[in-house]
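Below is one structure, written out as structure tokens; comments come after it.
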Amino acid sequence: MEHTARPSHAWFARSDGDRVFTGVAGGIGERLGVESLVIRLCFVVLALAAGLGLALYVLLYLVSADPAGSVAARRPTLRQAVAVGLIVLGVLLLLRRLGL
């Protein structure tokens, strides 16, 4: 029996079902098991911080895989949502400290 998998360098695949624009936030949410709304809010907050969210979104779009063959969605936990929120808070505090 031969297994032919499509090799991919991508860290995640964009979401085919949970997409508002390109599926980047939905794909990250599926990969991390976090609600995609939390990821979208993180992008908005970072976009307000010197446009970092938009640049990060475009970069993640370029390095992500097409939606075909994406991972199955996992149920998000409160711990994961808090972790993402703390990461965003840390990035914002760092940007503030740097004067950006």
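Before moving on, here are some points about what is shown:
- Residue match in the range 85-96 (condition: touching a His at 6+ places or on another chain (Cβ under 9 Å) and modelled with pLDDT under 80): no
- Flag for Val71 being at pLDDT below 80 and β-branched (Val, Ile, Thr): yes
- Selection count, the range 1-29, where residues are among the polar types (S, T, N, Q), out of contact with any Phe, Trp or Tyr (no Cβ under 9 Å at 6 or more places or on another chain) and at pLDDT 55 or above: 1
The values are calculated or read from the model by the stated rules, or taken from the named source; none is laboratory data. What you see is a predicted model, and the numbers here were worked out from it, not measured in a lab. Glycine also receives a Cβ, built like all others from the backbone with ideal geometry; neighbour counts cover every protein chain displayed.
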